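K.L.:
Have a look at the structure that comes next, please.
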Amino acid sequence: MIDDIILKFTNADILINDAAYHKISGQKNSLKLTDSLIDDLSNSDENIFILTGEIVDRYLKQINFDGTDMDESITPNEPSNGTDVSVQMPQSKLLPNLPFDFHIIKDASKKSYTNGEIKDFSAYFNSRYQKLKGILEKKPELRENHPIKDVVNLENDVKVIGMVNEIRTTKNNHKIIELEDGTGYTTVLVHKDNEKLFQFSEKIVKDEVIGVVGIRKGSLLIASELINPGVPRKEDKKMDFSAVFISDVHIGSSTFLEDAFKRFTSWMNGNYGDEEQREIANDVRYLVIAGDLVDGIGVYPHQEDELTIKDIYGQYEEAARLLGDINGVKIVISPGNHDACRLAEPQPALPEHYASELYKLKNTEFVSNPAVVSLEGINTLMYHGRSFDDFAMTVNGMSHEHTDLIMKELLEKRHLAPIYGERTPLASEYEDHLVIEEIPDVFHTGHVHINAYKKYKGVHMINSGTFQSQTEFQKIYNIVPTCAEVPVLNRGTMKVLKFN
C-alpha cells in the first residue's frame, strides 16, 4: 500500500510531504482517497507541486470524508483503522528523509605518506607487525610469548609471534616456515602427519603475521599450534534500513550494461520492479560502490578498442549523469584498479580533478580503498579486492569463483593484502593501512565480477558482481561474471535483485 500511494502521486507529478502522507495512509480506503484527491488536484486551478498536510485537511473537510462513501475492502497489506502505520514503515524517496547518520571511520586519503626510501619500507612492515602482534598477544595461548632471539635458550612451551618470510615444502613433504620478528629469525617445521595443523599451514602466505606454539629441537621449532590473529564472533546489530552494494560498473566500456544499470537506478527510485522490490527500494538509504565505477584509460593493452568513451573525464561525467538520477540515497564511492588514481594500495579517494561532476552531486561521499564507514552504526569495510588475484594463484583451494573463502581468510589474517611483491601493488608507507584493526559488521568487496555472500562469525561478507558483460580477457580464462545482480542488505537479510 505504501508504494501504491506514493506511486500514484509520482505518476501525477505531485510530491507528497510527510504530514500529508500520514494523513492519507492513516485513513480507511486510503488508495481510493488518493485517487479522488489526485482527480481533484488535476482539475483545480491551483498549481500544486507539493502536497501538504494542510491541503489534505482542506480536502477532507470539503468532501466530509469519513470513509463510509468508499469501498470498504482492505487488502491484506493495508492497515485497518487504529493501526500506527509509522511502525516499520519503509523510508520513501518522496518523504522528507531523516538526516543520514553517516561517518567515515577510517580513510587513508590524507594519511598516506612515503618517500620511497628503504626506511619507509622497514617502517611499513614494522607497522604491520606491531599492529598484528598487538592482536595476537591478547590471545591466552600467546600472552607469554618470547622474542625470537630467545628461542635458542628455550626447549619446551616455546611461544613466538613473527612475520612469515618464506614457506617451502621439504622432500619428505613437511612444511617449513621461516619466521622473523625485530630480533631475529627462526625456522618452524609443520609435520605432515599432524593433518589438521598441516592443512592450516597450507593457507599461510608470505608476509602475514602468525603465532606459533611448539618445542625446540636443534635449530627447528616444531609447531604444535599455528595461530591467526582471528575473528571474534560479533553480535548482530539491529538494522532498520537497507543498503545496496555494487562495484565494477565499468562505465565507458563497450561491455557496460547500460540498460541494466538504468533499470537499477530506476528501481532505486522506486520506479521499477514488483511490489516487494519497490518496498525494498523505498527502504534503501545507502548505495555503496567498492571500486571500478568507470573502465578507465590505459589499464591494459589495446583497451581503447573496447571503449565507447575514450576520455577519462567523459567516463566520470557519464557516471555522474547516471548516478545523478538517484534520489534520497547517500552514495559512498571508493576507487578500484580501473579508476583514475594511483594503483598502489591504499588508494586515495577519487581525485576531484578527474571526477568533478561526481563531486557536484550533493549525495556523494568519497573514500579511499580500503576504507571503513559507518552507515547508521553499521560499520562497513570497503575494499576493492585486488589481493584476490594473489590468493587465487597462491593458495590451494582458493579461486575467483569463491571469493567468500578468500574474504574469510583475510578476516582471519586481519589483513586485506598480506602478500607483498606479487600482483597487488602496495605502497611502502609509514603505516600499514590494510590491517583490519576492528572487525566490521559488513565486509564489501568487488574486483572479480562474481557475486558471493556468506555470513561469517556475524560479519556479512559481500562481493558484488558487475554491470559489465563478459570481456575478452574473461573468455580466455573461462570466467563467467555475475551481471546486473545486485546484493541488498535488507534490514539485516541478504537479498539479490536481478536487473539483467
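The values are calculated or read from the model by the stated rules, or taken from the named source; none is laboratory data. What you are looking at is a predicted structure, and each value in this text was computed from that prediction instead of being measured. Here Cβ is always computed from backbone atoms with ideal geometry, including for glycine, and neighbour counts include all displayed protein chains.
K.L.:
Mind checking which residues of region 175-190 are among the β-branched types (Val, Ile, Thr) and not in a strand (DSSP E or B)?
P.N.:
Hit for region 175-190 is THR183, nothing else.
K.L.:
Also, I was wondering about something else. Give me the residue from region 1-59 that is among the basic types (Lys, Arg) and in contact with a Leu (Cβ under 9 Å, 6 or more places away or on another chain) and, out of that set, modelled with the lowest pLDDT.
P.N.:
Going through the qualifying residues, I end up with LYS8.
K.L.:
Since ALA417 meets every condition but one in (1) under 14 Å from ASP207 (Cα atoms); (2) modelled with pLDDT of 95 or more; (3) surrounded by fewer than 22 Cβ atoms within 10 Å (Cβ to Cβ), which condition does it not meet?
P.N.:
Against the list (1) under 14 Å from ASP207 (Cα atoms); (2) modelled with pLDDT of 95 or more; (3) surrounded by fewer than 22 Cβ atoms within 10 Å (Cβ to Cβ), ALA417 comes up short only on (3).
K.L.:
Name the residues in region 238-269 that are within 20 Å of the chain's Cα centre (by Cα) and under 17 Å from ALA320 (Cβ atoms), would you?
P.N.:
We begin by selecting, within region 238-269, every residue within 20 Å of the chain's Cα centre (by Cα); these are 238-251, 261, 264-265, 267-268.
Of everything in region 238-269, those that are within 20 Å of the chain's Cα centre (by Cα) and under 17 Å from ALA320 (Cβ atoms) turn out to be ILE246, VAL249, HIS250, ILE251, PHE261, PHE264, THR265, MET268.
K.L.:
Scan region 339-346 and give yes if some residue there is of a type in the set (D, E, K, R), more than 26 Å from GLN470 (Cβ to Cβ) and out of contact with any helix residue (DSSP H, G or I) (no Cβ under 7 Å at 6 or more places or on another chain), otherwise no.
P.N.:
yes
K.L.:
Could I ask something else about it? Output the residues belonging to region 291-321 that are over 12 Å from HIS250 (Cβ atoms) and touching a residue at least 12 places away in the same chain (Cβ under 8 Å).
P.N.:
ILE297, TYR300, LYS310, ASP311, ILE312, TYR313, GLY314, TYR316, GLU317, ALA320, ARG321
K.L.:
On to the next question. SER428 passes all but one of (1) touching a Lys or Arg at 6+ places or on another chain (Cβ under 9 Å); (2) part of a loop (DSSP other than H, G, I, E, B); (3) surrounded by 17 or more Cβ atoms within 10 Å (Cβ to Cβ); which number fails?
P.N.:
(1)
K.L.:
Looking only at residues in region 191-220 that are part of a strand (DSSP E or B) and of a type in the set (Val, Ile, Thr), which one is surrounded by the fewest Cβ atoms within 10 Å (Cβ to Cβ)?
P.N.:
Just the residues of region 191-220 that are part of a strand (DSSP E or B), to begin with: 209-217, 220.
Pick out the ones that are also of a type in the set (Val, Ile, Thr) and you get 209-210, 212-213, 215.
Details: VAL209: 26, ILE210: 25, VAL212: 25, VAL213: 17, ILE215: 14.
Across region 191-220, the extreme among qualifying residues is ILE215.
K.L.:
Another question, if that's okay. Among the listed residues GLU422, GLU409, GLU438, identify the single one that is farther than 18 Å from ALA392 by Cβ and either in contact (Cβ under 8 Å) with a residue 24 or more places away in the chain or outside the structural domain of PHE256 (by TED's automatic domain parsing) (or both).
P.N.:
None of the others qualify; the one that does is GLU438.
K.L.:
In region 473-488, which residues are among the aromatic types (Phe, Trp, Tyr) and either part of a loop (DSSP other than H, G, I, E, B) or under 16 Å from the mean Cα position of the chain (by Cα) (or both)? So that I can check it myself, show each step before the final result.
P.N.:
Just the residues of region 473-488 that are among the aromatic types (Phe, Trp, Tyr), to begin with: 473, 477.
Answer for region 473-488, where residues must be among the aromatic types (Phe, Trp, Tyr) and either part of a loop (DSSP other than H, G, I, E, B) or under 16 Å from the mean Cα position of the chain (by Cα) (or both): just TYR477.
K.L.:
A further question follows. Among the numbered criteria (1) out of contact with any Pro (no Cβ under 7 Å at 6 or more places or on another chain); (2) of a type in the set (Gly, Ala, Ser); (3) under 26 Å from VAL488 (Cα atoms), which one does SER368 miss?
P.N.:
Single failed check for SER368: (1).
K.L.:
Suppose we filter region 269-290 for residues that are in contact (Cβ under 8 Å) with a residue 12 or more places away in the chain and within 25 Å of MET461 (Cα to Cα); how many remain?
P.N.:
Summing the residues that are in contact (Cβ under 8 Å) with a residue 12 or more places away in the chain and within 25 Å of MET461 (Cα to Cα) in region 269-290 gives 14.
K.L.:
Turning to a different aspect of this structure: Looking at TYR272, is it of a type in the set (Ser, Thr, Tyr), surrounded by 16 or more Cβ atoms within 10 Å (Cβ to Cβ), within 22 Å of ARG491 (Cβ to Cβ) and out of contact with any Gly (no Cβ under 6 Å at 6 or more places or on another chain)?
P.N.:
yes
K.L.:
Hey, another quick one. Test SER219 against the criterion of being over 38 Å from the mean Cα position of the chain (by Cα) and not assigned by TED's automatic domain parsing to the domain that holds PRO440, and give yes or no.
P.N.:
Yes, satisfied.
K.L.:
Give the residue that is farthest from the chain's Cα centre (by Cα), with candidates limited to residues of region 449-472 that are at pLDDT below 95 and surrounded by 19 or more Cβ atoms within 10 Å (Cβ to Cβ).
P.N.:
Residue satisfying both the conditions and the ranking: THR471.
K.L.:
Can you find even one residue in region 164-174 that is basic (Lys, Arg) and either in contact with a strand residue (DSSP E or B) (Cβ under 6 Å, 6 or more places away or on another chain) or part of a loop (DSSP other than H, G, I, E, B) (or both)?
P.N.:
Yes, some residue in region 164-174 is basic (Lys, Arg) and either in contact with a strand residue (DSSP E or B) (Cβ under 6 Å, 6 or more places away or on another chain) or part of a loop (DSSP other than H, G, I, E, B) (or both).
K.L.:
On to the next question. Within region 327-360, track down each residue that is surrounded by 18 or more Cβ atoms within 10 Å (Cβ to Cβ) and modelled with pLDDT under 95.
P.N.:
Listed by number, the residues that qualify are GLY328, CYS341.
K.L.:
Another question, then. So which of ILE289, ILE326 ends up being under 30 Å from ASP4 (Cβ atoms) and of a type outside the set (Asp, Glu)?
P.N.:
None of the other options fit; the residue is ILE326.
K.L.:
Somewhere in region 136-152, is a residue within 23 Å of LEU411 (Cα to Cα), crowded, with 19+ Cβ neighbours inside 10 Å and among the charged types (D, E, K, R)?
P.N.:
No, the conditions are met nowhere in region 136-152.
K.L.:
I would also like to ask the following. Name the residues in region 75-131 that are acidic (Asp, Glu), outside any helix (DSSP H, G or I), modelled with pLDDT under 85 and under 22 Å from LEU426 (Cβ atoms), would you?
P.N.:
Within region 75-131, GLU117 is the sole residue that qualifies.
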